[in-house]
1. Explain nothing, just the number: relative contact order of chain B, from Cα pairs under 8 Å at least 6 residues apart, as a whole percent.
2. Can you grab the distance from the C-alpha centre of the stretch B:121-162 to the C-alpha centre of the stretch A:22-68, Å, no decimals?
3. Could you pull out the trypsin sites (Lys or Arg not before Pro) across the stretch A:1-62 that fall in loop regions by DSSP (anything but H, G, I, E, B) with no more than 11 other Cβ atoms inside 10 Å?
4. Please list the non-local residues whose amide H lies under 5 Å from the amide H of A:Lys42, H modeled 1.01 Å from N, same-chain partners needing a gap of 5 or more.
5. Rounded to whole Hz and in sequence order, give me ³J(HN,Hα) for the stretch A:78-91 from the Karplus expression 6.51 cos²θ - 1.76 cosθ + 1.60, θ = phi - 60°, writing x for Gly and Pro.
6. More than 16 Å apart: what percent of Cα pairs in the stretch A:80-122 qualify?
7. Taking the Cα atoms only, what angle lies between the long axis of helix A:107-116 and the longest principal axis of chain A, rounded to 10 degrees?
8. If you line up the Cα atoms of the stretch B:145-189 on their principal axes, what length do they span on each, largest first, in Å?
Number of protein chains: 2
Amino acid sequence: MQNLLEHIDKFVSLDESEKELLLSRISYVEARKKQFLLEAGKPGYKLFFVLKGCLRLYLITPKGNEQTHQFVIENWWMTDYLAFHNDSVSGFYVQAVERSEVAVLQKSDMDFLLEKIPKLERYFRLCYQKAVGAAQKRISYLFSLSAEERFHNMNDKFPEFVQRVPQYMLASYLDFSAEFLSKIRAGKV
Amino acid sequence: MQNLLEHIDKFVSLDESEKELLLSRISYVEARKKQFLLEAGKPGYKLFFVLKGCLRLYLITPKGNEQTHQFVIENWWMTDYLAFHNDSVSGFYVQAVERSEVAVLQKSDMDFLLEKIPKLERYFRLCYQKAVGAAQKRISYLFSLSAEERFHNMNDKFPEFVQRVPQYMLASYLDFSAEFLSKIRAGKV
């Protein structure tokens, strides 16, 4: 869990007893490739932090297609935030893209920790502030870039990521077909 | 500013001196219809809370089209959160859709207030938590519903809103043309 403690330490300082309390309420999960951490239709009361690896958030469209909404790698939190906020069922799946180590925080434990260690409010406020911004950016790319531009933008900014993620997931994230992605990669578009 | 104090009061309790301090650092703006509160390319250090009225966040695509990303009405905060978080220039415009009353919080004042009144961290953490969820929901609608379904979904859930907002803005928010929206409304789709 060292990665999580280091991440928190960038924003707020915890003493040893606070770190101990924190870790007593967060569970550690080793997820194998393709393992589900959250499934659509089930209660969405868990928040996930990637210690190592990569998770994706996706939904199944009414037509039955997987639509990848978001990828997160090390040092990002992820969940269906509306389900988490409203204590409702999730509309999304959270799945390990590769073998991943994940810190899992249940909402009741989060509430407990925020009561006992109020400065964690600041930590989550800052994480969320960045997350809203990232979601806005994501929408702006979907709107303002062509399919090809979305691929090149991603490849320029996150080259390792483009290598790391299966092609069909990447295509669905960029909102085009896997066939189109192959053509772009082959320089045929 | 009573609306803002009431909104905060739903999440955290402030005493009179804290309310006074808060209001001393937040400015009140009456925006006329179409007035800009934030412009793309300018520093994005302000956060906006709608006391009365309606704001929209939009961008200009490389092809020169306005693409409405988000609408907010009473009791929502809005800005370009990545610019706000990173102290960078905004990629979006924030504009009053109708005559609006807006509370404006500058980032330096937010930092000051959070230092003096740490329980406001909780307030913003909860507002942001909901905002990330709303952004995820927005992306899921764009992906999983057809153009016609997006209109009917919006009309069912926010009928007043559909009446209140100019049609071309609504069409751009739902990611189809104003002509297509007219056809849907006329029952021709």
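The values are calculated or read from the model by the stated rules, or taken from the named source; none is laboratory data. The structure displayed is predicted, hence computed values, not measured ones. Because the Cβ atoms are built from the backbone with ideal geometry, glycine has one as well, and the counts that use them run over all protein chains shown. For accessibility, only protein heavy atoms count, side chains too; no ligands or nucleic acids. Shrake-Rupley method; radii C 1.70, N 1.55, O 1.52, S 1.80 Å.
1. Details: 282 pairs, mean separation 45.3, N = 189.
Relative contact order of chain B: 24 percent.
2. 21 Å
3. On the way: sites: A:Lys10, A:Lys19, A:Arg25, A:Arg32, A:Lys33, A:Lys34, A:Lys46, A:Lys52, A:Arg56; in loops: A:Lys10, A:Arg25, A:Arg32, A:Lys33, A:Lys34.
Passing both the DSSP loop test and the Cβ count: A:Lys10, A:Arg32, A:Lys34.
4. Here A:Ser90 satisfy the definition.
5. Once θ is set to phi - 60°, the couplings for the stretch A:78-91 become 7, 5, 7, 5, 6, 4, 4, 5, 9, 6, 10, 7, 6, x Hz.
6. Details: 490 of 903 pairs.
Tail of the P(r) past 16 Å holds 54 percent of the pairs.
7. Helix A:107-116 sits roughly 50 degrees off the main axis of chain A.
8. Over the stretch B:145-189, Cα extents along the principal axes are 22, 18, 18 Å.
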